[in-house]
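What follows is a set of notes on a single structure, which appears directly below.
The values are calculated or read from the model by the stated rules, or taken from the named source; none is laboratory data. Source: prediction; values computed, not measured. All Cβ positions, glycine included, derive from the backbone under ideal geometry; neighbour counts span all protein chains shown. The accessibility values were calculated without ligands, DNA or RNA, using every heavy atom of the protein model including side chains. Shrake-Rupley method; radii C 1.70, N 1.55, O 1.52, S 1.80 Å.
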Amino acid sequence: WLLVYIWQAGLIMTGRARIHFKMGPALATYGFAIAAVGIFASPLLAHRRGVRENDFEAAAAFVLFPLIDMVFFAGFLAAAIVYRKVPHLHKRAMFLATFSMAIVGLGRFVGRMPFESPWVWQPLNLAPLLIALVYDLYVCRKLYPIMTFGLAVHLARLNAEPFANSEFWLPVGRTLIAPFG
């Protein structure tokens, strides 16, 4: 997906908007297919983690994270489609969709650093989004609501562990991973 995103942005930057527009519907379909596969793969991945670590409670909690990543990705992709004729909103929605997938790898990278404090690792995880917000504020002289919403949902995602381990979510997580057992 990241290569598709870079390629599409490159088409706009080089003045080849017609190709960008022509490829858009097919690439959006591809994006939704990625989300669908990710939603299916999430409980399977969580179940395999439960088997590997012999801890199905942790697996039931874990399944929340890849699921919400796919929901955020698909949601921001849908927003990008809705705003496809409003370039400044479309590109921000596409950025947020792509960030929703990239945060997984970024989180693994930051997770390997010796930072315990959320005041350190959360801004590192959110760095691309924070940089985009600063750009909007200082260069565009505007803070776009979609970007502040994106920050809010990703902050919620980074702080969702208590919810993932709650008595509300754990039965849901157990139900989602059960068919793979």
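Name the pairs whose Cβ atoms lie under 8 Å apart, with the first residue in segment 156-171 and touching a residue at least 12 places away in the same chain (Cβ under 8 Å), the second of a type in the set (A, V, I, L, M, F, W, C) and in a loop (DSSP other than H, G, I, E, B), and 6 or more positions between them or separate chains?
Leu158/Leu126
Let me confirm something: among Arg18, Arg49, which residue is in a helix (DSSP H, G or I), open to solvent by 70 Å² or more (accessible area, probe 1.4 Å) and touching an Asp or Glu at 6+ places or on another chain (Cβ under 9 Å)?
After applying the criteria, what remains is Arg49.
Suppose we filter segment 100-135 for residues that are in contact with a His (Cβ under 9 Å, 6 or more places away or on another chain) and touching a residue at least 40 places away in the same chain (Cβ under 8 Å); how many remain?
2
I'm told Arg141 meets every condition in (1) surrounded by 13 or more Cβ atoms within 10 Å (Cβ to Cβ); (2) without any contact (Cβ under 8 Å) to a residue 12 or more places away in the chain; (3) within 30 Å of Met13 (Cα to Cα) except one. Can you identify the failing condition by its number?
That leaves (1) as the condition not met.
Is it the case that some residue within segment 105-124 is out of contact with any Ser or Thr (no Cβ under 7 Å at 6 or more places or on another chain), open to solvent by less than 60 Å² (accessible area, probe 1.4 Å), part of a loop (DSSP other than H, G, I, E, B) and within 19 Å of Ile68 (Cα to Cα)?
no
Take Met94 and tell me if it is more than 20 Å from Gly10 (Cβ to Cβ) and either out of contact with any Lys or Arg (no Cβ under 8 Å at 6 or more places or on another chain) or not in a helix (DSSP H, G or I) (or both).
Here the answer is no, as Met94 does not meet what is asked.
Among the listed residues Leu27, Leu44, identify the single one that is of a type in the set (A, V, I, L, M), assigned to a helix (DSSP H, G or I) and touching a residue at least 40 places away in the same chain (Cβ under 8 Å).
Just a single option satisfies the conditions, and that option is Leu44.
Output the number of the condition that Val86 fails; it satisfies all remaining conditions of (1) open to solvent by less than 40 Å² (accessible area, probe 1.4 Å); (2) at pLDDT 95 or above; (3) over 15 Å from the mean Cα position of the chain (by Cα); (4) not basic (Lys, Arg).
Of (1) open to solvent by less than 40 Å² (accessible area, probe 1.4 Å); (2) at pLDDT 95 or above; (3) over 15 Å from the mean Cα position of the chain (by Cα); (4) not basic (Lys, Arg), only one is false for Val86: (1).
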